[in-house]
Amino acid sequence: MINIKLNVNGKDYDLEIEEDLRLIDLLRDRLGFTGTKEGCGEGECGACTVILEGKTVNSCLLLAIQAHGKEITTIEGIGKEDDLHPIQESFLENGAVQCGYCIPGMVLSAKALLDKNKNPTRKDIREAISGNLCRCTGYEKIVDSIEKASKILQQRGSESHEQL
Amino acid sequence: MKKRGKGIAVSFYGTGYGNGFPDVSTATIRLEDEGKISISVGATEVGQGAKTVLSQIGSEVLGIEIEDIVLINEDTSKTPDSGTAAASRQTYNTGNAVKIAMESFRKKLFEESKELLGLNTSIGLETKNKEVYLKMFPQKKTTFKEIAQKLKKQKRRLEATESFTAQTTEMDPETGQGAPYWPYTFNCYGVEVEVDTETGKVDIIRALCAQDVGRAMNPTMIEGQIDGGFAMGAGYALFEDLGLKEGRIKNNKFSKYIIPTALDLPEIEKFIIEDPESTGPFGAKGIGEPVMIPVAPAILNAIYNAVGVRILELPATPEKILQAIKSYGKV
Ligand code: FES
Ligand code: FES
């Protein structure tokens, strides 16, 4: 057993864990963040995507100890059911969700992209979600949704700027 | 060298179980305590949008908002059988069952309203915004909630259950004659590809998909189905290979079984063709499987148009294309 400290969705945790515990199992089984999905368990599908220190990672490929001292965002940290993030709202409004299994990972990849690149091209968006497999949607409405969310976020950004 | 080519394919597809097999969906409609309307159907939602479309059909009949519908599905202890979420049949079959059950529920609702309003007949009653009113004298009205409260006091329930069975006949095994499916869905897809004659790699650079839907209940979801079908068809044509060897699947993980990523697909131009089907709920037909079918032939035709080779075994991998180009291609 080993002690780790980490911050998930803005909250600090101090935990004792097995050395070989994967990050995904820590998040899902120990901390209850079951929005993080396991698809392949080998770094191919992106269903388990979380944001670690601003970058997307496959939580099935990391050991929990690798997150020691770091900040993690899961889908639960993006928005709540009655207070959705613009990316989530945009996914809902534009029909981007079919079975939904890939969606938490897609939203986190989108978030990581839009945090860095406020005005991405459709090519940039496709690139950013190319590590997230989706069997249902053909990606098109997901790309549409991320593009529309970027416009909404930009508009909100400039509005809050005007208020200052 | 990169060579471009265009290809088209058309398909028609009979939805439902077909060939005279009983294809039945049942729906139960009930007035709930607060005046909400529940629809119980054993239709499974797997992301295709059955829940949305069935609620839409139900709300359309009663002129209420989709929020006023409580859809109960996927619970066999509570729902009648509505068949499988397969054969592209839920919108057409279960959609019809919901529509018919809702119409018979509306009749019962009008009978209750007649009593409650002290009318001689239910003729001329209409419903809108969870109210039942007399068209020639709209002040004469009651609400779903009032009716529900009255029924609750009398310990009665207002509900209607109806079934829909699709019409097909078995094919004659000798002559092949019969009407094995109804309805059929039609489509036509066109693609443009770019084939790299040195590596054999195929890029799909343009896709146009025209899909007959009968009547578009929910255009956004139809587009989503077309996008998804195109992606599945493209994977089938170019990448996906189970690698079955002696009954075992060789490519049993995503590192070997390759499905398209967002970078492997072009922007998909979609054309929804509406030609209402007279036996469909509000004219709608199913498109779940049809949207996949013309993709592979259109891609293979485009490859032929680009480099003159006919790929006869899927997937059309770079190796197969390169070999065909070397032996007889025109580049
Ligand atoms: S579960 Fe981690 S990449 Fe598939
Ligand atoms: S919505 Fe089903 S896998 Fe993406």
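Quick one: in the stretch A:38-69, of everything that is more than 14 Å from chain B (Cβ to nearest Cβ), on the phi > 0 side of the Ramachandran plot and in contact (Cβ under 8 Å) with a residue 24 or more places away in the chain, which residue is farthest from ligand 2 (Cβ to nearest atom)?
Here the answer is A:Gly69.
Residue by residue through the stretch B:164-198, note down the ones that are surrounded by fewer than 14 Cβ atoms within 10 Å (Cβ to Cβ) and of a type in the set (D, E, K, R).
Hits for the stretch B:164-198 are B:Glu170, B:Asp172, B:Glu174, B:Glu198.
Taking only pairs six or more apart or across chains, which ones have beta-carbon atoms under 8 Å, a first residue in the stretch A:137-152 that is within 16 Å of ligand 2 (Cβ to nearest atom), and a second residue that is modelled with pLDDT of 95 or more and among the hydroxyl-bearing types (Ser, Thr, Tyr)?
Short answer, once both residue conditions are applied: A:Tyr139/B:Thr261; A:Lys141/B:Thr220; A:Ser145/A:Ser90; A:Ile146/A:Ser90.
Would you mind stating whether A:Arg135 is away from ligand 1 (no atom under 16 Å from the Cβ) and among the charged types (D, E, K, R)?
no
What residue, of B:Ile8, B:Ile29, B:Ile64, is farther than 18 Å from B:Ala284 by Cα, crowded, with 20+ Cβ neighbours inside 10 Å and in contact with a strand residue (DSSP E or B) (Cβ under 6 Å, 6 or more places away or on another chain)?
B:Ile29 is the lone residue from the list that is farther than 18 Å from B:Ala284 by Cα, crowded, with 20+ Cβ neighbours inside 10 Å and in contact with a strand residue (DSSP E or B) (Cβ under 6 Å, 6 or more places away or on another chain).
I need the full set of residues from the stretch A:75-96 which are touching a residue at least 12 places away in the same chain (Cβ under 8 Å) and more than 23 Å from A:Lys141 (Cβ to Cβ), in order please.
Result: A:Glu76, A:Gly77.
Using the structure shown, decide if B:Tyr257 is farther than 25 Å from B:Tyr92 by Cβ and within 14 Å of chain A (Cβ to nearest Cβ).
Here the answer is yes, as B:Tyr257 does meet what is asked.
With the structure loaded, tell me whether A:Asp29 is within 16 Å of ligand 1 (Cβ to nearest atom), farther than 24 Å from B:Ser255 by Cα and either within 14 Å of chain B (Cβ to nearest Cβ) or more than 16 Å from the chain's Cα centre (by Cα) (or both) or whether it fails that test.
yes
Against the definition (modelled with pLDDT of 95 or more, under 22 Å from A:Glu42 (Cβ atoms) and touching a helix residue (DSSP H, G or I) at 6+ places or on another chain (Cβ under 6 Å)), how does B:Pro276 come out, yes or no?
no
Give the residues of the stretch A:116-146 that are in contact with a strand residue (DSSP E or B) (Cβ under 9 Å, 6 or more places away or on another chain) and either at negative phi or more than 7 Å from chain B (Cβ to nearest Cβ) (or both), sorted by residue number.
Result: A:Ala128, A:Gly131, A:Asn132, A:Glu140.
In the stretch A:32-88, how many are away from ligand 1 (no atom under 15 Å from the Cβ) and acidic (Asp, Glu)?
Matching residues across the stretch A:32-88 total 6.
Considering the stretch A:86-112 alone, what residues qualify as being away from every other protein chain (no Cβ under 12 Å) and closer than 12 Å to A:Ala149 by Cβ?
A:Pro86, A:Ile87, A:Gln88, A:Glu89, A:Ser90, A:Val107, A:Lys111, listed by residue number.
Name every residue in the stretch B:306-331 that is buried (at least 18 other Cβ atoms within 10 Å of the Cβ) and either of a type in the set (A, V, I, L, M) or over 11 Å from B:Val202 (Cβ atoms) (or both), in order of residue number.
B:Ala306, B:Val307, B:Val309, B:Ile311, B:Ala316, B:Ile321, B:Leu322, B:Ala324, B:Ile325, B:Gly329
Scan the stretch B:260-286 residue by residue and report those that are in a loop (DSSP other than H, G, I, E, B), surrounded by fewer than 16 Cβ atoms within 10 Å (Cβ to Cβ) and within 14 Å of chain A (Cβ to nearest Cβ).
Passing the criteria: only B:Glu267.
Residues in the stretch A:55-78: is at least one among the β-branched types (Val, Ile, Thr), at pLDDT 95 or above and within 30 Å of B:Glu289 (Cβ to Cβ)?
Within the stretch A:55-78 (the criterion being among the β-branched types (Val, Ile, Thr), at pLDDT 95 or above and within 30 Å of B:Glu289 (Cβ to Cβ)), the answer is no, since none of the residues qualifies.
The values are calculated or read from the model by the stated rules, or taken from the named source; none is laboratory data. Computed from a prediction, not measured in an experiment: that's the story for all the values here. For neighbour counting, all protein chains shown are included, and Cβ atoms are generated from backbone atoms with ideal geometry for every residue, glycine included.
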